[in-house]
Structure formats: C-alpha cells, structure tokens
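Okay, so here's the structure we're looking at.
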Amino acid sequence: MTTVPEGKPAPDTCPGEVGRMAMAGPSNLSDVRFLTVAEVATLMRVSKMTVYRLVHSGELNAVRVGRSFRVPERAVHEYLRDAFTDTA
C-alpha cells in the first residue's frame, strides 16, 4: 500500500466524477461526453499544464483512464460558470 502525505490523493486516484458517475447509473453515463486535457485546454484557452493543475487540485473533476485524464464536458462548463465573476 502506498502512503502519501495527508490531504494529497494517492498517485493512482483522482478527485472527481468516478463516485458520482457510478451512483448515477449506466443510463446517465452514456450521456456523458469526455474531453481530453488538450481539448479542455483549447476550450478554456489555457495551457495543458493549467488543466493538469486544476485536475490535481480537485478544482476540475476528472476521471483517470490509464495514465491520462478525461474530463466530463459538464465539469468544464460548471467550473467556468462557478469561476465567472461579475465586474459590473
């Protein structure tokens, strides 16, 4: 068993949608559109490193597939909506 510092996820885990999707049921899972880190970076107009930081910090939900991450499109839209600040 791997031990990691308190508050840090284990290397083979990722905070995100895994638990919620499993609870949502298989019918809802077919409706989920997953994006790669590069696609999220393009959509948000940021670097891939910024997306990785958001995923690792838990600010952006993601699913680990092998050695890469997939981000539900809905999670990107929720993150952007929540991060939006009204300037007027």
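Numbers below:
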quantity: Accessible area of residue 70 in the full protein assembly, 1.4 Å probe (Å², nearest 10); calculated: 80
quantity: Segment residue 73-residue 53, length gained on full extension (0.36 nm per residue, minus Cα span); calculated: 5.5 nm
quantity: Extension gain from residue 29 to residue 43, taking 0.36 nm per residue of separation minus the Cα-Cα distance; calculated: 2.9 nm
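The values are calculated or read from the model by the stated rules, or taken from the named source; none is laboratory data. Because the structure is predicted, anything quoted here is derived from the model rather than measured. These accessible areas exclude ligands, DNA and RNA; they are computed on the full protein's heavy atoms, side chains included. Shrake-Rupley method; radii C 1.70, N 1.55, O 1.52, S 1.80 Å.
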